[in-house]
Amino acid sequence: MDLKSLTYTSWARSTINDGDIESILRSARTNNPLDGLTGVLIFNGSAFMQVLEGAEQAVDDMVRKLEHDTRHFNFHVREQRLITERAFPDWSMAYLRLEDQEFVGDAAVQKALHRNLPDRTRNIIKGLTMSLAERTKV
């Protein structure tokens with residue numbers, strides 16, 4: 001089966017709170033295994049970045065849902081490609097928060113970002129998260 005990896009960014013609505021983040025994670029961790037999706041969600045307090053992995057159709061279906069989620073806006077696909085293996089096979093939805101340009105969260109997820117991702121995807125994540133961090137300091 002062909003697998004797809006897709007990385008997107010979006011801006012959080014100003015009304016988003018910790019309860020919303022918990023709701024997003026709870027929903028993803030419940031529903032993603034049913035759809036065969038895995039990935040990581042990164043949040044810096046203002047912007048989201050997510051890597052989704054799974055069957056092409058499942059990823060595309062999720063993207064259509066995410067594009068209409070009112071908790072964020074300016075949804076932008078940064079990278080998508082076919083893959084032969086997942087970077088996050090064990091996580092229905094890992095979560096990292098970016099604070100002061102440092103990832104806060106599960107050490108295993110942080111290691112996966114450095115070890116399991118192709119250089120291109122890792123560089124996209126690193127560059128975009130740092131860019132987003134700089135933009136939110138203004």
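The values are calculated or read from the model by the stated rules, or taken from the named source; none is laboratory data. Predicted model only: the values in this text are computed from it and were never measured. Virtual Cβ from ideal backbone geometry, glycine too; neighbours counted across all protein chains shown.
For the list (1) closer than 18 Å to Leu98 by Cβ; (2) in contact with a Lys or Arg (Cβ under 6 Å, 6 or more places away or on another chain); (3) of a type in the set (Gly, Ala, Ser), I need the number of the one condition that Ala47 fails.
With (1) closer than 18 Å to Leu98 by Cβ; (2) in contact with a Lys or Arg (Cβ under 6 Å, 6 or more places away or on another chain); (3) of a type in the set (Gly, Ala, Ser) applied to Ala47, the lone miss is (2).
Cβ-Cβ distance below 6 Å, separation of 6 or more or different chains: which pairs start in the stretch 29-40 with a residue that is within 9 Å of Ser92 (Cβ to Cβ) and end on one that is charged (D, E, K, R)?
From residues that are within 9 Å of Ser92 (Cβ to Cβ), the pairs are Thr38/Glu53; Thr38/Arg86; Gly39/Glu53.
From the list Ala55, Ala87, pick out the single residue that is without any contact (Cβ under 8 Å) to a residue 60 or more places away in the chain and either closer than 17 Å to Asp2 by Cα or surrounded by fewer than 17 Cβ atoms within 10 Å (Cβ to Cβ) (or both). Spell out the reasoning first.
Details: Ala87 fails: without any contact (Cβ under 8 Å) to a residue 60 or more places away in the chain.
Being without any contact (Cβ under 8 Å) to a residue 60 or more places away in the chain and either closer than 17 Å to Asp2 by Cα or surrounded by fewer than 17 Cβ atoms within 10 Å (Cβ to Cβ) (or both) holds for just one of Ala55, Ala87, which is Ala55.
From the list Arg97, Arg81, Arg86, Arg29, pick out the single residue that is part of a loop (DSSP other than H, G, I, E, B) and basic (Lys, Arg).
Values: Arg97 fails: part of a loop (DSSP other than H, G, I, E, B); Arg81 fails: part of a loop (DSSP other than H, G, I, E, B); Arg29 fails: part of a loop (DSSP other than H, G, I, E, B).
Every option except Arg86 fails the conditions.
Would you mention how many residues in the stretch 9-24 are out of contact with any helix residue (DSSP H, G or I) (no Cβ under 7 Å at 6 or more places or on another chain) and under 23 Å from Arg86 (Cα atoms)?
So the count comes out to 2.
Is it fair to say Arg64 is in contact (Cβ under 8 Å) with a residue 60 or more places away in the chain, part of a helix (DSSP H, G or I) and among the charged types (D, E, K, R)? Don't jump to the end; show me each part of the working.
Details: in contact (Cβ under 8 Å) with a residue 60 or more places away in the chain: no; part of a helix (DSSP H, G or I): yes; among the charged types (D, E, K, R): yes.
The answer is no for Arg64.
Each row is one residue, and each column tells you yes or no for (1) within 14 Å of Thr38 (Cβ to Cβ); (2) modelled with pLDDT of 60 or more.
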{"residue": "Ala58", "(1), (2)": "yes, yes"}
{"residue": "Asn74", "(1), (2)": "no, yes"}
{"residue": "Glu85", "(1), (2)": "yes, yes"}
{"residue": "Met93", "(1), (2)": "yes, yes"}
{"residue": "Gln101", "(1), (2)": "no, no"}
{"residue": "Asn116", "(1), (2)": "yes, no"}
{"residue": "Arg120", "(1), (2)": "no, yes"}
{"residue": "Leu128", "(1), (2)": "no, yes"}
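Would you call Phe75 surrounded by 14 or more Cβ atoms within 10 Å (Cβ to Cβ) and in contact (Cβ under 8 Å) with a residue 60 or more places away in the chain? Steps first, answer last, please.
Numbers: surrounded by 14 or more Cβ atoms within 10 Å (Cβ to Cβ): yes; in contact (Cβ under 8 Å) with a residue 60 or more places away in the chain: yes.
Against the criterion (surrounded by 14 or more Cβ atoms within 10 Å (Cβ to Cβ) and in contact (Cβ under 8 Å) with a residue 60 or more places away in the chain), Phe75 qualifies.
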